[in-house]
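The structure appears right after this line, and notes come after that.
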């Protein structure tokens, strides 16, 4: 793997190829599909780029080509030089954003799961909620509640096997309406950034509001998994338990309890923030590192 820089001479969208030229030579390179699609809007002749190349050549349409695995910098040249993308800028901008989040809620939701047999009428519903509310790094509240489902009141065997709960827990839980009103009041009072691991929780709250006929709440979601993938250039998702280990925390196993997962999300957030502020270095050797983009 090597870093190369130069000016884009030509781009072929159909073949995902780019020709980059500097003072000494030209590089005919093919982009990995995900990389090409991500930066396509910037890839026009005349742009100055710094790329990460695989040094071994491959044949592309019977022509030897290198492979571009990532773009580190894309600059629009003079007369008005403008940085269109910079990996360094991405990291610093993410750090700046994270450092402004003074009021945070680390949220996790557990859902009912489809039965083992195919049932097209089945609807997943929120059956457990856990969050940790923090203001200026001080924990204000830890909240954990079971929620009675509306459409499928009896939990499936798959749900009971996968989650750390019982049918009795859910039967004795609160209604979604009670949680909705509580959650709405907390959001209004503290206006927290709601930190989640992945996009499922955001969709689940929206779907639940629709099922119960409520207006979706106005929530400032922050997808911590997506931030990790962007900053560390990961192609594959990073599991929450592995992310906890990445920052030096010990995890026996993930029980899939909402409050426990919310606590784990808080640990990952703190480790990520420390990494962005250069006070901690992730220990990638402690986990199997996901494939990079």
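The values are calculated or read from the model by the stated rules, or taken from the named source; none is laboratory data. No experiment lies behind these values; they were computed from the predicted model shown. Cβ atoms come from the backbone with ideal geometry, glycine included; neighbour counts cover every protein chain shown.
Residue-wise test of (1) assigned by TED's automatic domain parsing to the domain that holds residue 246; (2) more than 21 Å from residue 260 (Cα to Cα); (3) in contact with a strand residue (DSSP E or B) (Cβ under 8 Å, 6 or more places away or on another chain).
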residue: 156; (1), (2), (3): yes, yes, no
residue: 170; (1), (2), (3): yes, no, yes
residue: 175; (1), (2), (3): yes, yes, yes
residue: 213; (1), (2), (3): yes, yes, no
residue: 218; (1), (2), (3): yes, yes, no
Some residue of segment 269-287 being within 23 Å of residue 95 (Cβ to Cβ), in a loop (DSSP other than H, G, I, E, B) and at pLDDT below 90: yes
Filter pass, residue 223 being surrounded by 14 or more Cβ atoms within 10 Å (Cβ to Cβ), under 27 Å from residue 187 (Cα atoms), under 12 Å from the mean Cα position of the chain (by Cα) and at pLDDT 95 or above: yes
Test set (1) modelled with pLDDT of 95 or more; (2) buried (at least 18 other Cβ atoms within 10 Å of the Cβ); (3) in contact with a helix residue (DSSP H, G or I) (Cβ under 7 Å, 6 or more places away or on another chain); (4) over 30 Å from residue 288 (Cβ atoms) - residue 155 fails condition number: (1)
Qualifying strands (runs of 3 or more DSSP E) (wholly inside segment 10-104; at least 2 residues being modelled with pLDDT under 90 and more than 30 Å from residue 278 (Cα to Cα)): 26-31, 48-60, 63-76
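Residues checked against (1) over 26 Å from residue 148 (Cα atoms); (2) crowded, with 20+ Cβ neighbours inside 10 Å:
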residue: 198; (1), (2): no, no
residue: 201; (1), (2): no, yes
residue: 241; (1), (2): yes, no
residue: 264; (1), (2): no, yes
Residue count, segment 238-265 (criterion: in contact (Cβ under 8 Å) with a residue 60 or more places away in the chain and either under 15 Å from residue 226 (Cα atoms) or in a loop (DSSP other than H, G, I, E, B) (or both)): 4
Qualifying residue in segment 128-135 (condition: in the same structural domain as residue 213 (by TED's automatic domain parsing) and free of Cβ contacts under 8 Å to residues at least 24 places away in the same chain): no
Test: residue 207 is assigned to a helix (DSSP H, G or I), touching a strand residue (DSSP E or B) at 6+ places or on another chain (Cβ under 8 Å), touching a residue at least 12 places away in the same chain (Cβ under 8 Å) and assigned by TED's automatic domain parsing to the domain that holds residue 127: no
Verdict on residue 94 being surrounded by fewer than 12 Cβ atoms within 10 Å (Cβ to Cβ) and out of contact with any strand residue (DSSP E or B) (no Cβ under 8 Å at 6 or more places or on another chain): no
Scan of segment 221-238 for residues that are closer than 30 Å to residue 149 by Cβ and out of contact with any helix residue (DSSP H, G or I) (no Cβ under 9 Å at 6 or more places or on another chain), ordered by number: 226
